[in-house]
Amino acid sequence: MTNLHDNAAAAGTWRLGDLTVNRLGLGAMRLTGMPWDEKPKSREDAITVLRRAIELGVDHIDTASFYFTPRRSANELIATALQPYPEDLVITTKVGAGRSRDGEFSFARPDQLRGQVEENIRQLGLDHLDVVNLRWGAAMGKEPGSVAEHFGALAELREAGLIRHLGISNIVADQLTEARSIAPVVCVQNRYGLTDREDDALLDLCGELGIAFVPFFAVTTSIPGAAAHGTVPGEAEVAKVAAAHDATPAQIRLAWTLHRGAHVLAIPGTGDPGHLAENVAAGGLRLSEEELALLDAVGNGPLAR
């Protein structure tokens, strides 16, 4: 349905420390299926998605050991599908959060982070992790407070060679400043999208600092309850731009996200090979200034460009 570029390289590149990645990557959370799915995701589809992603130029995969269901583990799927790993593949993981077998979230003490890092290393079949984000806060929403003790524990693991680069997730600007006073930060991973613009200023700050900003849930309609009374915020504006590009609304939301800055990466997740191709193709979309202005106004008002 589209004449878009079909390779992740079309989105351009950014550096995570000394690692260069295409700005259009893959989030692994949906590989295992989500709690609200009507039936379990196909293991074969998940492995197909991972292998096809590499063929389409994806060289940045975001995962975590707590991405699992009773039947599937994202890390195990990645290891099964992609080992031996391509030399240019960057795998980013998250620690800090954890889940019990019944799905309940918990958050690690600083002295428990090494165990979480080692668990990711073991599951992925690696000798170290490329990038590790400290996932801060509650299961939903940010939390104030010092990140120093937790981030300091990860900095020690970086010095020990278990981690190559550090990032931080679900934080506010002061927490980023505190983390940077302890060790270099190569990325910030926060919830953000066209109609979820609380972190506009933090995104801009990351650009000024040369830090990658990596939104999760950039396609907000993927979240149950995002549409109120059957109406998705910005639906008409997104549909208008999508029609002009023979694209899907999800592609337009991803393209808008990538247009927010050269330092902004996208990690849309899917367990469906068709959706993967559409997500990758979104990296080749080029929106006009008029289209960007129309979409900008959907959220918190126009953005300076």
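The values are calculated or read from the model by the stated rules, or taken from the named source; none is laboratory data. Remember, predicted model here, so these are calculated numbers, not experimental data. Reconstructed Cβ throughout: ideal geometry from the backbone, glycine too, with neighbour counts over all protein chains shown. Areas reflect the complete protein model, heavy atoms only, side chains present, ligands, DNA and RNA absent. Shrake-Rupley method; radii C 1.70, N 1.55, O 1.52, S 1.80 Å.
Before moving on, here are some points about what is shown:
- Those helices (runs of 4 or more DSSP H) lying entirely in the stretch 233-305 with at least 2 residues farther than 30 Å from Pro40 by Cα and either at pLDDT 95 or above or open to solvent by 10 Å² or more (accessible area, probe 1.4 Å) (or both): 235-245, 249-259, 289-296
- For first residues located in the stretch 172-186 and within 10 Å of Ala155 (Cα to Cα) and assigned to a loop (DSSP other than H, G, I, E, B), partners that are open to solvent by less than 70 Å² (accessible area, probe 1.4 Å) and of a type in the set (Phe, Trp, Tyr) and lie 6+ apart or on another chain with Cβ distances below 8 Å form the pairs Ile182/Phe151; Ala183/Phe151.
- For the stretch 60-78, a residue qualifies if it is touching a residue at least 40 places away in the same chain (Cβ under 8 Å) and either open to solvent by 10 Å² or more (accessible area, probe 1.4 Å) or of a type outside the set (A, V, I, L, M) (or both), and the qualifying residues are His60, Asp62, Thr63, Ser65, Arg72, Ser73, Asn75, Glu76.
- Each residue in the stretch 112-147 was checked for being in contact with a helix residue (DSSP H, G or I) (Cβ under 7 Å, 6 or more places away or on another chain), open to solvent by 30 Å² or more (accessible area, probe 1.4 Å) and either assigned to a helix (DSSP H, G or I) or at positive phi (or both), and 3 of them qualify.
- Residue ID - nearest to the chain's Cα centre (by Cα), chosen from residues in the stretch 82-96 that are open to solvent by 10 Å² or more (accessible area, probe 1.4 Å) and of a type in the set (A, V, I, L, M, F, W, C): Leu89
- Residue tally, condition assigned to a strand (DSSP E or B) and surrounded by 20 or more Cβ atoms within 10 Å (Cβ to Cβ), over the stretch 151-167: 4
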